[in-house]
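Reading through the C-alpha cells given below for one structure.
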Amino acid sequence: MTIAAIKFPFSSNRIFGLLLIICAAGLSAVAGQAYAAPVRVSCVGDSITYGWQVHNRNHNSWPAVLGRILGRGYATLNCGHSGATMLKKGDLPYWRQPEYKNAIAFHPNIVVIMLGTNDTKPWNWNKHGKEFAANTESMIDIFRRLPTHPRVFICLPPKVVKPAYGINEKNMVHGVIPAIKKAARATHTTIINVFGKLPGKMAYYIHDGVHPNARGDAVIAHIIAAAIRRGHGHKRPRHKR
C-alpha cells in the first residue's frame, strides 16, 4: 500500500488546523517563560549591607549571598551606604544618599531594610533618637507606595560585639530595637530578627566587632531568605508585551 492510499479519519485541512493550534500553544508557553520577570529585591542599609571589609564583597556581602540562595527567579540589588543612618537628622542620613534613589529606581517587588546601627552613636541617638520610629515609618510608607507595591521587611540589626566608632549595644538594645518594633507595629511590617539569630561571637565578625565577616553575612542572608520565603505573597511579575 502506498502512503497516498492511506485514509485518515480527518480531512487534511482539519489536520493542518490542529497542528497550528498545537504550535501556537507551544509558542505561547515559551513566550510566557521569556516574559517572566525576576522578583526584584532592594537591600537597603549601611556598611553592614554594603559588606564593608568583607572579603570579595561583591560575592560575599549578604545581598549577594541572598540572591544566590533565592535563586534564578530573584534579582537582588545591594543598596548599602557605609555610615548611613535611618535618622533624617543623623550625621549621614540614608535619605540623602544615591543608594536610596537606586533602591527606588530598581522598581522592587521586595524591600529589605536594615538600618539603625549608626543611629546608636551618642551624637545621633541623644539628639534625635525620639524621631527614629517616625522616620522608619516614613521610609516603609514611601517604599510601599511605589508603583510595584513591594512587600517590605525590616531587620533588627546585628549585635554589637564590641563598641566602636561610637556604635554601642546599649543604644541598640534600649533605643533602636524598641523603636523599630514600634514602627513595625504601626505599619504592620514583618520584622526579621537578625539581632536575635546571628550569634554575637567574634567568629562571625571582623576585628571591630561591629561588622559581620563573610561567615556572618552568609548567616544573615539565610535568615533573610527564610523570612522572604515565608512572607512573600507576590507572584512573579511579567513584562508587558
Discussion item. All but one of (1) over 23 Å from residue 217 (Cα atoms); (2) assigned to a helix (DSSP H, G or I); (3) in contact (Cβ under 8 Å) with a residue 24 or more places away in the chain; (4) out of contact with any Ser or Thr (no Cβ under 9 Å at 6 or more places or on another chain) hold for residue 130; state the number of the condition that does not hold.
Written reply: (3)
Discussion item. Looking at (1) touching a Pro at 6+ places or on another chain (Cβ under 7 Å); (2) of a type in the set (Val, Ile, Thr); (3) more than 24 Å from residue 223 (Cβ to Cβ), which one does residue 142 not meet, given that it meets all the others?
Written reply: (1)
Fill in: From the options 63, 108, residue that is crowded, with 18+ Cβ neighbours inside 10 Å, part of a loop (DSSP other than H, G, I, E, B) and touching a helix residue (DSSP H, G or I) at 6+ places or on another chain (Cβ under 8 Å)
108
Worksheet item: Taking the range 41-98 as the region of interest, how many residues are more than 11 Å from the chain's Cα centre (by Cα), closer than 18 Å to residue 176 by Cα and not hydroxyl-bearing (Ser, Thr, Tyr)?
Response: 13
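Going by what's in this entry, would residue 37 be described as over 14 Å from residue 114 (Cα atoms) and modelled with pLDDT under 95? Steps first, answer last, please.
Values: over 14 Å from residue 114 (Cα atoms): yes; modelled with pLDDT under 95: yes.
Answer is yes for this residue.
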Fill in: Number of the exception - residue 234 against (1) assigned to a loop (DSSP other than H, G, I, E, B); (2) modelled with pLDDT of 95 or more
(2)
Item to complete: Could you tell me which of the residues 154, 167 is within 19 Å of residue 82 (Cβ to Cβ) and in contact with a Ser or Thr (Cβ under 6 Å, 6 or more places away or on another chain)?
Response: 167
Practice prompt. Any residue in the range 35-64 that's closer than 21 Å to residue 229 by Cα: show its pairings with residues that are assigned to a loop (DSSP other than H, G, I, E, B) and of a type in the set (D, E, K, R) at Cβ separation under 7 Å, as long as the two are six or more apart or on different chains.
Written response: 36/236; 37/236; 39/236
Worksheet item: Of all residues in the range 151-184, how many are out of contact with any Gly (no Cβ under 8 Å at 6 or more places or on another chain), of a type in the set (Gly, Ala, Ser) and buried (at least 16 other Cβ atoms within 10 Å of the Cβ)?
Response: 2
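In the set 125, 95, which member is of a type in the set (Phe, Trp, Tyr) and either assigned to a loop (DSSP other than H, G, I, E, B) or buried (at least 24 other Cβ atoms within 10 Å of the Cβ) (or both)? Please lay out each step first, then the result.
On the way: 95 fails: either assigned to a loop (DSSP other than H, G, I, E, B) or buried (at least 24 other Cβ atoms within 10 Å of the Cβ) (or both).
Exactly one residue qualifies, and that residue is 125.
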Fill in: Residue check for residue 170: out of contact with any Leu (no Cβ under 6 Å at 6 or more places or on another chain) and either among the small types (Gly, Ala, Ser) or assigned to a loop (DSSP other than H, G, I, E, B) (or both)
no
Worksheet item: Can you name the number of the only condition in (1) closer than 21 Å to residue 47 by Cα; (2) surrounded by 16 or more Cβ atoms within 10 Å (Cβ to Cβ); (3) in contact with a helix residue (DSSP H, G or I) (Cβ under 7 Å, 6 or more places away or on another chain) that residue 187 fails?
Response: (1)
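Take the range 173-202 and flag every residue that is outside any helix (DSSP H, G or I) and free of Cβ contacts under 8 Å to residues at least 60 places away in the same chain. Walk me through how you get there before you give the answer.
First pass over the range 173-202, keeping only residues outside any helix (DSSP H, G or I): 188-193, 198-201.
188, 189, 190, 191, 193, 198, 199, 200, 201 - these are the residues of the range 173-202 that are outside any helix (DSSP H, G or I) and free of Cβ contacts under 8 Å to residues at least 60 places away in the same chain.
The values are calculated or read from the model by the stated rules, or taken from the named source; none is laboratory data. Owing to the predicted nature of the structure, the values given are computational and were not obtained by experimental measurement. Here Cβ is always computed from backbone atoms with ideal geometry, including for glycine, and neighbour counts include all displayed protein chains.
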